[in-house]
Amino acid sequence: MVEISIVGLLSIMGIPTAITGVFVWMLQKRMTLAEKRSEARERAREENEILMIQNTRAALTLSEATARAVQRIPDAHCNGDMHKALDYAQRVKNAQKDFLTKQGIHALYE
């Protein structure tokens with residue numbers, strides 16, 4: 001029969017535990033790095049979304065300004081389509097503003 005001292009038993013048990021601990025540490029380090037990358041991608045997506053909204057607003061503002069300038073030209077002969085387009089643009093702009101306001105308020109109280 002093989003007799004193992006307490007010191008021998010502890011050293012035999014300690015080796016697998018140490019190896020397991022190293023693997024767990026490496027896994028945690030890898031998961032932390034993956035989380036940081038994921039957070040960076042999410043921030044980039046949010047920034048892109050903000051820029052897209054700002055781009056849409058800028059294009060709509062330019063379109064409205066152009067349409068209003070054309071309406072002031074005496075020889076332009078604007079038809080009802082121009083007025084309908086301006087009304088539609090205003091409705092869409094207000095709907096987007098209302099939506100973003102609701103989302104902002106909702107995010108504050110989550």
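Read-outs throughout are calculated quantities, based only on the coordinates presented, and are distinct from any laboratory measurement. Treat the numbers as computed from the prediction; the structure is a model and nothing was measured. Note that each Cβ is placed from the backbone with ideal geometry, even for glycine, and that neighbours are counted across all protein chains shown.
Of GLY104, ILE15, GLN54, which is farthest on the positive side of the dipole of the stretch 6-108, counting Cα position, with +1 on Lys and Arg Cβ, -1 on Asp and Glu Cβ, and the Cα centre as origin? Going by the charge dipole, the pick is ILE15. Entry note, the chain: the mean residue ellipticity at 222 nm calculated from DSSP H runs of n ≥ 4, each adding -39500 (n - 2.57), is -32500 deg cm²/dmol after division by the residues and rounding to the nearest 500. Shape analysis of the chain based on the Cα gyration tensor places the equivalent ellipsoid semi-axes at 70, 14, 8 Å, largest first. Under the convention that each Lys and Arg Cβ holds +1 and each Asp and Glu Cβ holds -1, the size of the dipole of the chain around its Cα centre is about 240 debye. Relative to the longest principal axis of the Cα atoms of the chain, helix 6-72 runs at roughly 0 degrees.
Other residues with beta-carbon under 12 Å from the beta-carbon of ARG37 carry, at +1 per Lys or Arg and -1 per Asp or Glu, a net charge of +1.
Find the centroid of the Cα atoms in the stretch 11-29 and in the stretch 45-59, then give the distance between the two in whole Å. Computed from Cα coordinates, the inter-centre distance equals 48 Å.
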